[in-house]
1. Which entries of K40/K104; K40/K74; K40/K96; K44/K93 have Cα-Cα distances beyond 27 Å here?
2. Quick one: net charge around G39, please, counting Lys, Arg +1 and Asp, Glu -1 for every other residue with C-beta under 13 Å from its C-beta.
3. What aspartates and glutamates could a cross-link reach from K89, if we take a straight Cα to Cα line under 19 Å and drop same-chain neighbours fewer than 8 places away?
4. Could you list D59, D30 so that the one with the fewest beta carbons within 10 Å of its beta carbon is first and the one with the most is last?
5. Run the simple label-point estimate for A46 and V85 please: 7 Å along Cα→C-beta, distance reported in nm.
6. Full-extension gain between V61 and K74, please, as 0.36 nm times their residue separation minus the C-alpha to C-alpha distance.
Amino acid sequence: MRTVCKWIQCVAVVWVFALPAWSQSSPGRDIGGGAADIGKGPVKGAGSAARGAAKGTGDLVTLHPVSAVGAVGKGAAGAGKDVTVGAVKGTGKIAKGVGKAFGKIF
């Protein structure tokens, strides 16, 4: 029984010290994640624009021109927001990764 308790204590101590190291990301992972975020922005933006255009077309066909203009405008605004958010988040992650990489060198 004592052997089992000592083994559990050893595992617990290793876990406590190893967990913070696992939760930190490497510079390469930060840079890669940033590039992915920059790439996701335009894709989400295209989805927003397409959704707005589709809703606008549907409203125009059903003779609701004011709603159609609003839907297209909302889609365009959503597209711009998505592209901007993706670019800003990605740039921030890349800068964080580059900073970590320089920190390891120096």
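Rule-based calculations on the coordinates, nothing more; no lab input. Note that the coordinates shown come from a computational prediction; the quantities given were computed from them, not determined experimentally. In this analysis, Cβ positions are derived from the backbone assuming ideal geometry, glycine residues included, and neighbour counts consider all displayed protein chains.
1. Values: K40/K104 29 Å; K40/K74 20 Å; K40/K96 19 Å; K44/K93 18 Å.
Beyond 27 Å: K40/K104.
2. Working: positive: K40, K44, K89, K93; negative: D37, D82.
Counting the neighbours of G39, the net charge comes to +2.
3. Qualifying aspartates and glutamates at Cα under 19 Å: D30, D37.
4. Details: D59 18, D30 21.
Placing the least packed residue first, the sequence is D59, D30.
5. 1.9
6. Working: separation 13, 0.36 × 13 = 4.68 nm, distance 1.80 nm.
Answer, rounded to one decimal: 2.9 nm.
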